[in-house]
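What follows is a set of notes on a single structure, which appears directly below.
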Amino acid sequence: MSSTIGVQNIAHTNGTNAMTVASDGATTFTSDPFNSVIETWYYGSSNVVLANSAALSGWNRKTNGLVVNKNGGMSESSAVWTFPSTGVWSVTGQLSFYTTATSAYHGLHMEQTINNSSFSLVKTAYTNSGGANRYSNVVCNHIMNITDTTNQKIKFSLNVESNINVQAGTGNAATQATFIKLCPSV
């Protein structure tokens, strides 16, 4: 047995409309029920040579091209990222760089804190240069369940055998970070 409820609007008892259902079944919400966030940031404004363990600080929100930024609120201070709201977040870092020396490894670390103080490594991605005077990149993704925006934070840092020239700015080969809120905390 199946049942059908036919409605055009779903509203609070005070009359405030929350959702509309069109004749084709498409729904429109008055406000975003998922409180989704999508943000893309680029590192710095000009390329910079960095050494092992350097924390990546000095990010800018990317707004050129067809980049999506919705319900922004991420903030970075001294390489530490603060989330604007609780939820399950997909965090992606892309390190783009140029190296003048042959190196066995170049890595991007994601470190998290649960007490707004001590950081621990949660994810890493590596590549090698395969020779001198080469461009390369690594991408690292981590899904985080943020339940406390005051104490739970993340930062990006380098783990490299030799200094690298980090590609910065708004170009398509620049180092960048993307934050996407997937759903409420679990």
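Nothing in this text is a laboratory measurement; each read-out follows from the coordinates by a stated rule. The structure presented is a predicted model; accordingly, all values stated were derived computationally and were not measured. With ideal geometry, Cβ positions are generated from the backbone for all residues, glycine too; neighbour counts draw on all protein chains shown.
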Checking the structure you have, find out if any residue of the stretch 24-31 is of a type in the set (S, T, N, Q), surrounded by 12 or more Cβ atoms within 10 Å (Cβ to Cβ) and in a loop (DSSP other than H, G, I, E, B). yes
Output the residues belonging to the stretch 122-138 that are touching a Ser or Thr at 6+ places or on another chain (Cβ under 6 Å), hydroxyl-bearing (Ser, Thr, Tyr) and either under 21 Å from Ala177 (Cα atoms) or touching a residue at least 40 places away in the same chain (Cβ under 8 Å) (or both). Thr127, Ser136
Among the residues of the stretch 35-74, the number that are more than 11 Å from the chain's Cα centre (by Cα), under 23 Å from Ser185 (Cα atoms) and not in a loop (DSSP other than H, G, I, E, B) is 1
Of all residues in the stretch 120-153, which are within 22 Å of Ala168 (Cβ to Cβ) and of a type in the set (Ser, Thr, Tyr)? Thr124, Tyr126, Thr127, Ser129, Tyr135, Ser136
Residue pairs, Cβ under 9 Å, 6 or more apart or interchain, first in the stretch 50-64 and on the phi > 0 side of the Ramachandran plot, second outside any loop (DSSP other than H, G, I, E, B) and aromatic (Phe, Trp, Tyr). List them. Gly58/Tyr43
So Ser85, is it without any contact (Cβ under 8 Å) to a residue 24 or more places away in the chain, under 23 Å from Asp148 (Cα atoms), of a type outside the set (Lys, Arg) and not in a strand (DSSP E or B): no
From the list Ala132, Ala174, Ala104, exactly one residue is surrounded by 18 or more Cβ atoms within 10 Å (Cβ to Cβ) and outside any strand (DSSP E or B). Which is it? Ala174
Residues being within 18 Å of the chain's Cα centre (by Cα) and either closer than 26 Å to Ser85 by Cα or in a loop (DSSP other than H, G, I, E, B) (or both): count how many of those fall in the stretch 145-166. 13
Residue satisfying all of: in the stretch 107-121; assigned to a strand (DSSP E or B) and without any contact (Cβ under 8 Å) to a residue 24 or more places away in the chain; nearest to Glu161 (Cα to Cα) among these: Leu121
